[in-house]
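Comments concern the structure below.
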Amino acid sequence: MTAPDIKNGQEHIASLKDDREVYINGEKIGDATQHPAFAKAIATAASLYDYQAHPDNCELMTFASPKTGRRVNRAWQMPGSYEELVQRRRALVAWAEQHGGFMGRSPDHLASAVAGQLMGREVFEAYDPARAKAYWDYYEYARDNDLFLTYVIINPQIDRSKAVGEQKDDSPMVRIVDEDAQGITVRGAKMLGTSSIMANEIFVAHLQPLRPDEEDYATSFAVPMDIKGLKVLSRKSYEEHAVSEFDNPMAARYDENDAIMFFDDVKVPWDRVFVHRSPEMCRAQFHETPGHIYQNYQAQIRLSVKLKFLVGLARHVAETIGTVNMPPVADTLGRMAAQADSVETMLYGMEAKGRQRGKYFIPDRHALYSAQTLTQELYPQMINTIRELAGGAVIMLPSSAQDFADPELAKIIKETQVSADGSSDVERVKLLKLVWDVIGSEFAGRHTQYEMFYAGAQFVVRGHSFRTYDWDASKDLVATIMDRYDLAGSMSKEQRSAAE
């Protein structure tokens, strides 16, 4: 049973049965919702909408649209106070808990980014009232239909030694190649297209810096995934290659996928164009509005859940193999618990340090970048720690669930897969297969890389921290001490006279 007039999973799956062009393994596929490379991940995304539509969850997860009255996910909500920000965060936590924090581009991510940018609507108004109206109208459309959006905001890695405009003439990066009274025509590629397979629309922008003369590349827009000319080139599907859900429980269900998005002369109507030939506005839409704050605040909410999951997994491993009470292991688990709780506490800190921006309440910018600086380093450390705790237990496992079907093999498995906590051989193998899919499989490797770089290279994130820290306040503390003494005060009268 679901609450009335709230988007549910069935509605979302139906919305994906369109004419989008998705390519994988050298072929153009048909219905992605039925394809073995994507079906279970799409079902997982749909389950998030079922969760929000459940009568027990609708108040937690949704709010009434100011325009239509339809209840939509709180990720679209623009908090006007600290209390509303906390209320919104609780909804995002609840969604992240449904996938353990492993879906980095769940629907709340782009909803947060778009809502955050338009909390700085005055920046768009000052740039171009027509573009500002187009963006606000789009926000209301996406919000009131509770759309699943994703984005592509970085360029393919071509020649990093050259600026965008210095690439060869047939540069594959998205650029404007024509425009008329109806809109602009764009051509080129963007990445990473995470979750594009299961999204309704794609938001395109340019996060990396542009030079003033690189106007052809300076655009921001949103289009449906089935728009003519848009081609989605999927990476290898870990879901498709999962042996079974028992053997690869994370890859089988939570592989949100990544893809190159290639725009083959895509015509974008003016009411979907939000930035037009303005390198400065491409930067401003992220950094002069709360957009960059809100999209990364959502990411930290999700990551705090993911770290809690990792800590729980580590404790489970130690209990299963019988090391949990060994002092070095207890020490390691205690450190992991402190690290995970620190990240969660930093969330509360960026909320408590937040401030009003007009009628909206914004988390503290530097507290956010501080958390990102730490968590980019913390995630791979935690993965490595679980490796150390598990040791060889995750290597010597049955080849697949099929081994249990053979009575002779099942007997050997039962005799060799013995747990200290009394769990059965099946339960032990089930846990350790999960552990491997989190720390060692291709799916796991992708997630480690993702968490290390989703916010940008580490020096970029640390640069945000450098630029937003209150250096004056910290230097004032130094001055408070230094102003209380001088050289003369440390000399005798005779030494002062001699120095003069």
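Pairwise Cα separations in the stretch 291-476 fall into 5 Å bins from 0 onward with the following percentages, short to long: 1, 7, 14, 16, 15, 12, 10, 8, 6, 4, 3, 2, 1, 0, 0. With the simple model of a label 7 Å out from the Cα in the direction of the Cβ, ARG90 to ASP226 spans 3.8 nm. Note on the stretch 1-139: the alpha carbon radius of gyration divided by the globular reference 2.2 N^0.38 Å gives 1.19. Counting only the Cα atoms, the stretch 404-500 fills a convex hull of 264 Å³ per residue. Couplings 3J(HN,Hα) for the stretch 172-181, derived from phi with the Karplus relation 6.51 cos²θ - 1.76 cosθ + 1.60 (θ = phi - 60°), are x, 7, 4, 8, 7, 10, 6, 7, 8, 5 Hz, where x marks Gly and Pro. Tell me, what is the percent relative contact order of the stretch 1-66, built from C-alpha pairs under 8 Å that lie six or more residues apart? So the answer I get is 44 percent. Here the label points at ASN325 and ARG235, each 7 Å from Cα along the C-beta direction, are separated by 4.3 nm in the simple model. Membrane-span-like helices in the chain (whole DSSP H runs, Cα extent of at least 30 Å along the helix axis, mean Kyte-Doolittle hydropathy of at least 0.0): 291-321, 327-352. Rounded to 0.05, the FRET efficiency of the ARG387 and LEU60 pair, given R0 = 25 Å and the Cβ-Cβ distance, is 0.10.
Label point of TYR23 set 7 angstrom out along Cα-Cβ; within the stretch 252-288, amide nitrogens under 14 Å from it belong to 259-265. Full extension of the chain segment joining VAL478 with ALA499 gains 4.9 nm, where the gain is 0.36 nm per residue of separation less the Cα-Cα distance. By the beta-carbon count within 10 Å of each Cβ, the least crowded to most crowded order of PHE124, PHE361, fewest first, is PHE361, PHE124. With each pseudo-label sitting 7 Å past Cα toward Cβ, what's the TYR469-HIS366 distance in nm, one decimal? The modelled label-to-label distance comes out at 0.8 nm. Per residue, the convex hull spanned by the Cα atoms of the stretch 51-205 measures out at 157 cubic angstrom. How would you classify the stretch 185-272 from its alpha-carbon gyration tensor, with a ≥ b ≥ c the square roots of the eigenvalues: rounded for a/c under 1.5, else prolate if a/b is greater than b/c, otherwise oblate? Here the stretch 185-272 falls in the prolate category. When the alpha-carbon atoms of the stretch 9-287 are used, the pair Rg, Dmax equals 18.8, 56 angstrom.
For the stretch 340-404, pairs of C-alpha atoms spaced more than 13 angstrom apart make up 73 percent of the total. Applying the criteria of a DSSP loop state and at most 13 other Cβ atoms within 10 Å to the trypsin sites (Lys or Arg not before Pro) of the stretch 1-81 yields LYS17, LYS67.
Going from the residue with the fewest nearby Cβ atoms within 10 Å to the one with the most, TYR141, TYR51 rank TYR141, TYR51.
Bear in mind these aren't lab numbers, they're just calculated from the coordinates by the rules spelled out. Because the structure is a prediction, the values reported are computed rather than measured. A quick note on method: Cβ atoms are made from the backbone with ideal geometry, for glycine too, and the neighbour counts reach across all protein chains shown.
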